[in-house]
Amino acid sequence: MTSFAVLTALGPDRPGLIDEISSFLSEKQINIEDSRMAVLGGEFAIILLASSEEDIIKILKTEQEKIQKATSLDIFIKPTISPKERTVEPSIPHRLHVTSLDHPGLVHDVTKVLHSYNINIESMETHVKNAPISGTPIFNMFCIVTVPVKNKLSAVKDELKELEHRLDVDIEFEAVDSL
């Protein structure tokens with residue numbers, strides 16, 4: 001029977017970390033099913049869904065200290081269910097993109113609206129980059145969300161449009177084919 005775990009790791013960035021982690025997992029016959037990796041500041045962060053035909057937690061817990069020492073990363077391991085076992089309310093996937101001059105509270109303002117409609121954020125990335133000529137900090141937020149089919153989509157769009165005008169931000173919200 002296939003077992004699953006979520007592995008997160010965080011620590012100082014350097015070349016080769018992904019190779020070392022994937023090599024370690026591969027040697028143990030552990031598959032990387034899904035992953036997100038990024039360098040934030042000077043820190044490398046990874047979160048991944050791993051699977052194995054063996055007891056994945058037993059394998060990972062036994063070897064956790066070894067991989068931590070080899071990579072200098074803090075590693076956390078949590079057992080989980082198969083993605084196919086996840087119970088999800090019938091919903092429609094959407095892409096959400098927010099662009100604005102950067103200021104504190106933007107993520108909260110947008111996610112508060114999503115939360116009020118029980119919209120789940122499946123993935124989210126935010127970036128602040130300086131505009132090419134002026135150097136003004138520009139905030140970008142990219143999300144894939146799932147909107148429950150029981151929601152009135154026009155109400156969600158109206159509230160996002162109101163938020164767009166109130167905060168002077170640009171919000172794109174559109175259905176996508178799949179996650």
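The values are calculated or read from the model by the stated rules, or taken from the named source; none is laboratory data. This structure is a prediction, so every number in the text was calculated from the model and none was measured. In this analysis, Cβ positions are derived from the backbone assuming ideal geometry, glycine residues included, and neighbour counts consider all displayed protein chains.
At a glance:
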read-out	value
Subset of the range 158-179 that is within 23 Å of the chain's Cα centre (by Cα) and farther than 15 Å from residue 111 by Cβ - its residue that is modelled with the lowest pLDDT	179
Pairs with Cβ under 9 Å, 6+ apart, first in the range 18-29 and in the same structural domain as residue 62 (by TED's automatic domain parsing), second hydroxyl-bearing (Ser, Thr, Tyr) and part of a helix (DSSP H, G or I)	20/71; 21/71; 24/71
Selection status of residue 47, β-branched (Val, Ile, Thr), within 11 Å of residue 7 (Cα to Cα) and in contact with a Leu (Cβ under 7 Å, 6 or more places away or on another chain)	no
Cross-chain or 6+ apart pairs with Cβ under 7 Å, the range 167-179 first and in contact (Cβ under 8 Å) with a residue 24 or more places away in the chain, then acidic (Asp, Glu)	167/109; 170/164; 171/164; 179/122
Residues located in the range 73-88, provided they are surrounded by 12 or more Cβ atoms within 10 Å (Cβ to Cβ) and either of a type in the set (S, T, N, Q) or farther than 27 Å from residue 44 by Cβ (or both)	80, 82
Residue 14 being surrounded by fewer than 16 Cβ atoms within 10 Å (Cβ to Cβ), more than 20 Å from residue 81 (Cα to Cα), at pLDDT 95 or above and within 22 Å of the chain's Cα centre (by Cα)	yes
